[in-house]
Each structure stands twice: as C-alpha cells, then as structure tokens.
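Taken together, the values in this text are just the output of simple stated rules run on the coordinates, not laboratory data. From a predicted model like this one, the values you see are computed outputs, not experimental measurements. Here the Cβ positions follow ideal geometry from the backbone for every residue, glycine too, while neighbour counts run over all protein chains shown.
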Amino acid sequence: MERTFGASGHYLGCGAIVHLNQETPSYHFPEGIPAFEDHKRFTLARDPSLDPLLFLRSEIDPNLRFVCIQVRFLVSGYTYELDEAGAALLGVSPGNYTADDENLCCMTIISVSSEGPSTANLLAPVVINFENGLGLQAVQVGGEWSHVHPIELPEAPQCS
C-alpha cells in the first residue's frame, strides 16, 4: 500500500503525529496499555528516516516506547470492533471500524526480533481519537487476526 502524507508531512488520518525532535501532544489512555496499566499518558512521534514506523512513548518513563505502524500499511480491509466500554472510553459509538477511518488512528504494536520474523499485534490494535486525545488498546474477541502476524520491515541503515 502506498504511504500517504499531508502537506505538513503528517500521516493522513493521524494528523497529530510530529517529528521526534518536536514537542508532541499527549494522549490519555485511561486504562493504560495491557501489562503497563500505570502508564496512562503517551506521546506519538515519528522519525522520517524510519517511516512508516511510529513511536508511542510513555510520559512516566520515556524509556518505555512501543514501535507501531498504522494497520492500513500492513493489511488491506482490516476492521476492528469497539464494544460499549471501548467506544465509551474513546467517545465514539460502539461498532465496527476500519483501519482507514478518518476520525480514529488505528495502529499495531510491532515486536522486532533478531531471532525470527518481526510481528504485528493485529489482535489488539491501538486506537487513538485525536479529536479528544483519548486512546486504548482494543483487544478483539475472536476474529481472524493474530497477535503474532508476521511482517517484513525495511532493513535498518548500517552505521559506518
């Protein structure tokens, strides 16, 4: 899938993403991220040399960073469900959403491994509503997606 950027260099559908060296807006995850429930405020940043990867960073511990990518760059036609609780938390209606939805940014956390393929957690997308600054990891019940969906990442530049 072709990457699409707006005039300012922001990803379309995720307009609040800024360069790593700029001050970034903060997003509130009322329930935290599973296994990191104490971390409720995150920033989302990008490094243009690593596009289309994104970095979700905890404000409590800047060393806690999740490597993410918008799901639409990995899978065409991806849908996810927001149940009553998840939808209420984000301030939207419950139901099915697509990764291409313009009002919500749907990302997946990537696990990078030197021992095997890198994987994406498509079973539990990270969803941010930029209109109100709220986010959550929307764990899906059932469905066709895996938490270890194999992906290919571009080669990292070599240091000289």
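Details
- Nitroxide proxy distance, nm - points 7 Å out along Cα→Cβ at T98 and V112: 3.1
- Fully extending the segment from I60 to E31 would add 9.0 nm, taking 0.36 nm per residue of separation and subtracting the current Cα-Cα distance.
- Radius, Kirkwood style, for the range 91-157 when every pair of distinct Cα atoms is counted (Å): 13.4
- Cα-based Rg of the range 36-160 normalised by 2.2 N^0.38 Å, two decimals: 1.07
- Each part reduced to its alpha carbon centroid, the range 43-104 and the range 106-154 end up 8 Å apart.
- Dipole of the range 26-160 [Lys/Arg +1, Asp/Glu -1 at C-beta], most positive-end residue of C106, Q140, I60: I60
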